[in-house]
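Here's the structure, in structure tokens; my notes come after.
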Amino acid sequence: MSHGLASRAGRISAQIGIVVAIFLFWEVAVQTGMANARVLPPPSLVLPRAVAMLGDPVVLYNLWITSAQVLLAFVLVAPIGIAIGLLLGESDYFGRAFKPFFFFLASVPKSVFLPVFILAFGIGFTQKVAFGMFQAIFVLVISAIAAAESVSSDFLKTARAYGASRRQLYLDIYLPAMLPVIVEGLRLGMIFNITGVLFAEMYVSRAGLGHLVSTWGMSFQMVNLFAGILLAAALSIAVNEALRWYENKVGAWRG
Amino acid sequence: MAGLKMVRTDSVAASAGADLRAENITHMFDTDDGALLALKDVSFTVEAGTFVGLVGPSGCGKSSLLLMMAGLLLPTDGRIAVRGETVSGPLPEDIGVVFQESSLLPWKTARENVEFPLYLRGVDRQVREKAALKMLDLVGLGEFTERRPHELSGGMKQRVAIARGFCQDPEILLMDEPFAALDEQTRMTLGDELLHIWDQNKKTVVFVTHSLTEAVFLCDKVLVMSARPGQILKEIDITLPRPRTYEMMATETFGQLRAEIWELIRETQAK
Ligand SMILES: Nc1ncnc2c1ncn2[C@@H]1O[C@H](COP(=O)(O)OP(=O)(O)OP(=O)(O)O)[C@@H](O)[C@H]1O
Ligand SMILES: [Mg+2]
């Protein structure tokens, strides 16, 4: 028994089983009247609606807007965050001066700054991208600092004694040593980024998945609302798992 | 003739090591509390093909001296010379290093770690692979060549580090407490194996250790250093014959040599 569960196939079927069980419980709870169907529609209505939405041009347009904002914010913020983190992690001077600043700010809830972003960038595409970047940058900087500090001076000492050139130090020591931590930071940054963009869309906007979900909620379209939530969840999980797969691949040696 | 030549480059070198000298080395470190005098007028000679130990109280500058010999640290004053030529930077073709276990690259397999110095020099893939597998075999890790460090025990990791030190066939091997993280039984076994490998190719070896038994058992000569600022207190010739055997540890000579070193260290520490 325990062997079956420990194996990969066994684990995956157990996980699928749990998801199916949750949906079944949800369905039964609604059908038996344990939950109010007007507030919580059953999955037998929500799941087909979520699938149908993937063929609905209005939903697809809004999904596209959200994805474009998330991707653009990510592509812009990733190199900036990593560069700042590496600089702070590698340079004693900048590190001492600015590291505390980032650690303090990281603990402040970023959502309170949203009104400032609306004043500065309006309520369109640019503001969503800017706010997504703002949400993501702190975790990116902090993990890049950790990545830089994870490069043991013993590795560098050995490589230099064996005649490594500067280029070889970067490509054969720094890069492989830092990659798993950097990818982990990218994954966390992506989660913050998606959260930021969706939150900004729900607060005030004219388009995007967050805009749709917020509209459906306020107009009491519960089936649409839950279908939208499922789509948003599926999207985030897919992105997160893809990055986690890569993280495990480049970090297998961490044991 | 061509055939003979092949065999020679293939076998674990026929070279007998290079000599190494420290000449009037004084070193100061810049610290937050000002300059720290770590080494003061240190001079010694390591003859080609000999096994020399470096012992002394913690903080006396042994590791710093080793870094200087490896070309990774320039002395404030004085010079290190290999075959009479001043060392001003790493000499990867002449000098191999073995530090404590943490110096293995954790994302590389045992074989890739051993190959690493050859890889850095752009040696052909097949050639370096062959050399690495041979060295791993020699240190008894023939079955673990594709394991990563986190899958190996402490003793196995040090075997890999030793294999890496010898793989590129350097003239001089510098070892900084290579067995410090190991239990006594493992370090005795590894010391014995190290002597075996060394017997076959007679590199010049400089070996830093805190274990006086290890120093006497392995070395031709032991340099005893004073507490900081590090100076050479005495060079002690280890007159025991080679090959060394465990039985020698029970001999009077062994005990006297060990006691003499201990006496020197105890005195300098007390000051
Ligand atoms: N990079 C450095 N900057 C400042 N001080 C240093 C540096 N490296 C070493 N020191 C100091 O120089 C002295 C000698 O250090 P070293 O590491 O060479 O000693 P050691 O003999 O190897 O000691 P141990 O036996 O504990 O390994 C110590 O007091 C140490 O604090
Ligand atoms: Mg030391």
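The values are calculated or read from the model by the stated rules, or taken from the named source; none is laboratory data. The structure displayed is predicted, hence computed values, not measured ones. Neighbour counts are summed over all protein chains in view; Cβ atoms, including those assigned to glycine, are modelled from backbone coordinates with ideal geometry. For the accessible areas, the whole protein counts, side chains as well, though only heavy atoms, and no ligand, DNA or RNA atoms are used. Shrake-Rupley method; radii C 1.70, N 1.55, O 1.52, S 1.80 Å.
At what distance in angstrom do the alpha carbon centres of the stretch B:224-271 and the stretch A:185-224 lie from each other? One Cα centre to the other: 74 Å. Judged by the mean number of other Cβ atoms found within 10 Å, the most tightly packed of the peptides A:237-250, B:163-176, A:170-183 leads the ranking B:163-176, A:170-183, A:237-250. Mean residue ellipticity, 222 nm, helices only, chain B: the sum of -39500 (n - 2.57) across DSSP H runs of n ≥ 4, divided by residue count and rounded to 500, is -11500 deg cm²/dmol. For chain A, what % of the accessible area comes from carbon and sulfur atoms, probe 1.4 Å? Exposed carbon and sulfur together represent 72 percent of the surface.
Checking a compactness column here: for the stretch A:158-234, what do you get for Rg(Cα) / (2.2 N^0.38 Å), N being the number of residues?
Numbers: Rg = 22.1 Å, N = 77, 2.2 N^0.38 = 11.5 Å.
Output field value: 1.93.
Taken as Cα centroids, the stretch A:26-67 and the stretch B:143-207 sit 64 Å apart, rounded to the nearest whole angstrom. Between A and B, buried accessible area from a 1.4 angstrom probe totals roughly 2000 Å², ignoring ligands, DNA and RNA.
Scaling against 2.2 N^0.38 Å puts the C-alpha radius of gyration of the stretch A:1-40 at 1.66.
Taking the accessible area of chain B, probe 1.4 Å, and keeping the other protein chains in place, the carbon and sulfur fraction comes to 50%.
Calculated translational diffusion coefficient of the stretch A:41-254 (37 °C, 0.692 mPa s; Stokes-Einstein with Kirkwood radius over alpha-carbon pairs) equals 172 µm²/s.
In the stretch B:107-149, which residues give up 30 Å² or more of accessible area once the other protein chains are added, compared with their chain alone (1.4 Å probe)? SASA drop of 30 Å² or more in the stretch B:107-149: B:TRP107, B:PHE116, B:TYR119, B:LEU120. Residues of the stretch A:236-255 losing 40 Å² or more of accessible surface, assembly versus chain alone, probe 1.4 Å, please list them. Listed in order, they are A:TRP253. When the P(r) is computed for the stretch A:1-116, the part past 20 Å accounts for 73% of the Cα-Cα pairs.
A 1.4 Å probe run over the protein chains yields, for the stretch B:125-271, 46 Å² of accessible area per residue, whole-number rounding.
Kindly state, to the nearest 0.05, the FRET efficiency for B:ASP237 paired with A:LYS99, given R0 = 56 Å and r defined as their beta-carbon distance.
So the FRET efficiency works out to roughly 0.60.
As a rough guide to protection, the peptides B:149-158, A:136-145, B:215-224 ranked by mean Cβ packing within 10 Å, highest first, stand as A:136-145, B:215-224, B:149-158.
For chain A, the per residue solvent-accessible surface stands at 54 Å², with DNA, RNA and ligands left out and a 1.4 Å probe.
The C-alpha atoms of the protein assembly as shown occupy a region whose extents along the principal axes are 95, 57, 53 Å, arranged from largest to smallest.
Heavy-atom accessible surface of B:HIS196, to the nearest 10 Å², is about 120 Å², with a 1.4 Å probe and all protein chains retained.
How big is D, in µm² s⁻¹, for chain B by Stokes-Einstein at 20 °C and 1.002 mPa s if Rh is the Kirkwood radius over C-alpha pairs? Rounded to a whole number, D works out at 111 µm²/s.
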